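A.B. asks: What follows is a structure written as structure tokens; I'll ask about it next.
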Ligand SMILES: NC(=O)c1ccc[n+]([C@@H]2O[C@H](COP(=O)([O-])OP(=O)(O)OC[C@H]3O[C@@H](n4cnc5c(N)ncnc54)[C@H](OP(=O)(O)O)[C@@H]3O)[C@@H](O)[C@H]2O)c1
């Protein structure tokens, strides 16, 4: 029985994880949960799963949940809050496996402490890897902790890499759906609305990652994540646009063989893979072979998706540049979702923040968080100067 902590339990990945736990009660048990502000969902989850610990974003929300649980006669759940709360949920001694699925840098500290505590990690929170991947992978090596990717592309690469030796890998190919604007005329980009950008053609995900898919910054974050997870240079991480999202990624070996992982577009599969690794567990997530009849692959268009170019540049520089790429994007996407800036304001803001970012390589999480704060402040300055946008 694996005892699991789910960080980001109320989100898309968190809820898919709970549905896997529901399907395999003989294998997995929920020990702790951490969420942000969605009180109603977390309350329902506490009633259903009776976690030992649950964490919410603020003290006030935690107090409300505590009262509700007391009223419902749930006495076994300790309610905590804030970063310390999610760290507590992630590092309980009885936890075997931590699903890291808080969105953004907010998930970094708990992921880091879970690695330090020797927990196996199922990593969905790519922003933690982008901001602090050098530190996280070093601690994971030192503690002999497995970082198992849940992001479908990295999960696919992880699976394909089991077929050969690391030294036999020439490069990897991350597939990208191209998002909703793959074929939209460039002249219409300045009029893109929030509703259009939230309409992803193949995946149902949280709001930030959906917008990041529309700008392809998501693929950019994944390039950096892949460099860190698989110890590759940015030039060995290629992107191919594959609108059907059927091939989840490929590994190219030195002899010219390409191994691809194909499955349904359903995040429960990579979650199940990570939770059961190194075993493979039977599931009903079956793939319809007819979907192989029409598969397209094309080169990414860097003019259409400047975020991809910016991400490769940040991947080359690493350190503060990777941190700033993510931080500026978090701020710009929030402003776009609030309708304070246009769609094209996202790459413009990131580019301007990167131009003022120094080439620093932080050695501690505290330094990472300080650089993250600095980049956010610069992003807010850019937004207020360019668009008179209020800080999000
Ligand atoms: N969805 C996918 O298919 C997918 C695929 C690959 C990778 N990922 C990655 O997985 C992560 C989660 O994505 P998602 O789509 O599941 O996002 P989501 O649906 O927006 O969920 C985000 C989760 O993070 C929680 N959260 C936000 N701020 C928090 C804070 N300060 N403290 C504690 N919890 C906080 C949210 O809590 P509340 O809702 O309670 O506020 C929610 O549980 C992201 O890093 C994303 O890039 C997602």
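Quick note: the coordinates plus some simple rules give every number you see, no bench work behind them. Values in this document were obtained by computation on a predicted structure and should not be read as measured data. Here the Cβ is made from the backbone with ideal geometry for all residues, glycine too, and neighbour counts use every protein chain on show.
A.B. asks: When the Kirkwood radius is taken over all Cα pairs of region 159-238, what Stokes-Einstein diffusion coefficient follows at 37 °C and 0.692 mPa s, in µm²/s?
C.D. replies: 229
A.B. asks: Let me ask something additional. If I stretch the segment between residue 373 and residue 71 completely, what's the gain in nm (0.36 nm per residue apart, minus their alpha carbon distance), one decimal? Show your work: numbers first, answer last.
C.D. replies: Numbers: separation 302, 0.36 × 302 = 108.72 nm, distance 3.95 nm.
Taking residue 373 through residue 71 to full extension adds about 104.8 nm, to one decimal.
A.B. asks: Which values of log₁₀ I(q)/I(0), to two decimal places, follow from the Debye formula for region 205-330 at q = 0.09, 0.11, 0.19 Å⁻¹ with a uniform point scatterer at every Cα?
C.D. replies: Here log10 of I(q) over I(0) equals -0.31, -0.46, -1.29.
A.B. asks: OK, next. Given region 1-113, report the % of alpha carbon pairs whose separation exceeds 22 Å.
C.D. replies: Numbers: 1356 of 6328 pairs.
Pairs farther apart than 22 Å: 21 percent.
A.B. asks: In Å and whole numbers, how far do the C-alpha atoms of region 61-170 stretch along each principal axis, longest first?
C.D. replies: Principal-axis extents of region 61-170 (Cα, largest first): 59, 25, 23 Å.
A.B. asks: Next question. Out of all DSSP beta bridges in region 2-149, what portion is antiparallel? Express it as a percent rounded to 5.
C.D. replies: 0
A.B. asks: Looking only at the chain, where both bridge partners belong to it, what percent of the DSSP beta bridges are antiparallel (to the nearest 5)?
C.D. replies: The antiparallel proportion sits near 30 percent.
A.B. asks: Give the peptides 344-350, 55-61 in descending order of average Cβ contacts within 10 Å, highest first. Please report the intermediate quantities before stating the final value.
C.D. replies: Values: 344-350: 22.1, 55-61: 18.9.
Highest-to-lowest ranking by the protection proxy: 344-350, 55-61.
A.B. asks: Please give the FRET efficiency for residue 358 paired with residue 280, using the beta carbon to beta carbon distance and R0 = 45 Å, rounded to the nearest 0.05.
C.D. replies: Values: r = 46 Å, r/R0 = 1.01.
For R0 = 45 Å, the calculated efficiency reads 0.50.
A.B. asks: Over the chain, what lengths in whole Å, largest first, do the semi-axes of the equivalent ellipsoid take, defined as the square roots of 5 times the eigenvalues of the alpha-carbon gyration tensor?
C.D. replies: Gyration-tensor ellipsoid for the chain: 31, 26, 21 Å.
A.B. asks: Okay, moving on. Have a look at 109, 244, 303 and tell me which one the Gaussian network model of the chain (Cα, springs below 10 Å) gives the largest fluctuation.
C.D. replies: Largest GNM mean-square fluctuation: 303.
A.B. asks: Mark the label point 7 Å from the Cα of residue 304 along Cα→Cβ and return the residues of region 338-375 whose backbone N is within less than 16 Å of it.
C.D. replies: 344
A.B. asks: Normalised by the number of residues in the chain, what is the relative contact order in percent for Cα pairs under 8 Å and 6+ residues apart?
C.D. replies: 14
A.B. asks: Between residue 296 and residue 344, what is the label-to-label distance in nm when each label sits 7 Å out along the Cα-to-Cβ direction?
C.D. replies: My value for the distance between the label points is 2.4 nm.
A.B. asks: Could you work out which residue, out of 223, 211, 262, moves most in a Gaussian network model of the chain, that is, has the largest mean-square fluctuation with Cα springs under 10 Å?
C.D. replies: 262
A.B. asks: If the chain between residue 381 and residue 165 were fully stretched, how many nm would it gain, using 0.36 nm times the residue separation less the Cα-Cα distance?
C.D. replies: 73.0 nm
A.B. asks: Order the peptides 337-343, 371-377 from the highest to the lowest mean number of other Cβ atoms within 10 Å of their residues.
C.D. replies: With the highest mean Cβ count within 10 Å placed first, the list reads 371-377, 337-343.
A.B. asks: Another question, if that's okay. Taking 7 Å along the Cα-to-C-beta vector as the label spot, tell me the residue 233-residue 141 distance in nanometres, rounded to one decimal.
C.D. replies: Label at residue 233, label at residue 141, 1.8 nm between them.
A.B. asks: Before rounding to the nearest 500, sum -39500 (n - 2.57) across all DSSP H runs of length at least 4 in the chain and divide by the residue total; then give [θ] at 222 nm in deg cm²/dmol.
C.D. replies: Values: 15 runs with 184 residues, N = 392.
Per the formula, -14500 deg cm²/dmol.
A.B. asks: Out of 72, 231, 266, any idea which swings most in a Gaussian network model of the chain, alpha carbons joined below 10 Å?
C.D. replies: Result for the chain, Cα springs under 10 Å: 72 fluctuates most.
A.B. asks: Give, in nm to one decimal, the length gained when the segment between residue 257 and residue 195 is fully stretched (0.36 nm per residue of separation minus the Cα-Cα distance).
C.D. replies: Between residue 257 and residue 195, full extension yields an extra 18.2 nm.
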